[in-house]
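Shown next, in structure tokens, is the structure this report addresses.
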Amino acid sequence: MTVDAESAGQRLDNFLFRHLKGVPKTHVYRIIRSGEVRINKGRVQAETRVEVGDVLRLPPVRVAARSEEGATPPAPPREFPVLLEDDALIAIDKPAGTAVHGGSGVSFGVIEQLRTARPAAKFLELVHRLDRETSGILLVAKKRSALLALQDQFRERETGKTYLALVEGAWPANKKVLDAPLAKYLLPSQEGSSGPGERRVRVVAKDHPDAMRAITLVRVLARVTLPGEAAPLSLLAVTIKTGRT
């Protein structure tokens, strides 16, 4: 099997999922780990990116449709809150407790549910990943050119994240750097969810056993006073230099 230009840049596991319809994902991962899948005669890993002209060697596999009894049910369709969408990408608000893709004991994740919800979409691929317990913005490419360009930006650390935070009180204009130790913790799991709750962090003492240094840059954007409220609010632009998730 030779990789064409349309498939270039895909992860090996995703490439095989698309070409080996009817083969369980667990079996695909097994033949990769065992070394039965080779690219240009060399051993590879699931996250290896395939390139134009790569020659894949595959072991014999049965790709016929499985019986309904043993078949994995399709991912239920689900749309997620869309923060931005254009011809090239979708930015969605991923909730905590939801995996971004299936595998390793997880039947399906965001990308499988999104594909089921949008059957007319010709191309939907994850640009990056977020941990299951982490909520946040997740980018999904709608074109291969967008996928490769965005992944290059992530790889070269050309992307950045700035958060908007509305806090109580008048934030001091000269307080621009927060340098405080943080520790991770998990909220209780949500009702109906089988996974852990959302992962959070909190400020702890420096001698706390799980303390990790975190530096945050803060810039005041505006002072806000809500109608009927005497206490002011501050709108901040927050950049995490050494985050903890």
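Since every read-out is calculated from the coordinates, none of them should be taken as a lab result. All of these numbers come straight from a predicted model, not from anything done at the bench. Here Cβ is always computed from backbone atoms with ideal geometry, including for glycine, and neighbour counts include all displayed protein chains.
Brief remarks follow.
- Loop GluC sites (Glu not before Pro), segment 118-192 (other Cβ atoms within 10 Å of the site Cβ: 15 or fewer; DSSP): E156, E158, E191
- Rounded, prolate or oblate (a/c below 1.5 giving rounded, otherwise prolate when a/b exceeds b/c) for the chain by Cα gyration tensor: prolate
- Of the chymotrypsin sites (Phe, Trp or Tyr not before Pro) found in segment 117-186, those that fall in a DSSP loop while having at most 15 other beta-carbon atoms within 10 Å are F123.
- Working note: Karplus 6.51/-1.76/1.60 with θ = phi - 60° gives segment 217-234 the couplings 9, 10, 9, 7, 9, 6, 9, 10, 10, 7, x, x, 10, 7, 6, x, 10, 10 Hz, where Gly and Pro are set to x.
- When the pairs K161/K184; K21/K94; K21/K41; K161/K206; K25/K94; K142/K175 are compared against a 32 Å limit on Cα-Cα distance, K142/K175 fall above it.
- The chain: calculated mean residue ellipticity at 222 nm from DSSP helix runs of at least 4, using -39500 (n - 2.57): -4500 deg cm²/dmol
- Amide proton proximity set for L89, modelled H, under 5 Å, gap of 5+: K142
- The GNM of the chain, with springs linking C-alpha atoms under 10 angstrom apart, assigns the highest mean-square fluctuation among A214, A170, A121 to A170.
- Only one residue of L130, L114, V3 has its Cα farthest out toward the positive end of the dipole of the chain, where Lys and Arg carry +1 and Asp and Glu -1 on Cβ, and that residue is V3.
- The protection proxy used here, the mean number of other Cβ atoms lying within 10 Å of each residue, ranks peptides 29-36, 138-145 as follows, highest first: 138-145, 29-36.
- Computed about the Cα centre, the dipole magnitude for segment 82-155 is approximately 240 debye when only Lys and Arg (+1) and Asp and Glu (-1) carry charge, each at its Cβ.
- The packing ranking of peptides 79-87, 17-25, 96-104, highest mean first, is 96-104, 17-25, 79-87, where packing means the average number of other beta carbon atoms within 10 angstrom of each residue.
- Size of electric dipole in the chain: Cβ of Lys, Arg +1 and of Asp, Glu -1, about Cα centre, debye, nearest 20: 640
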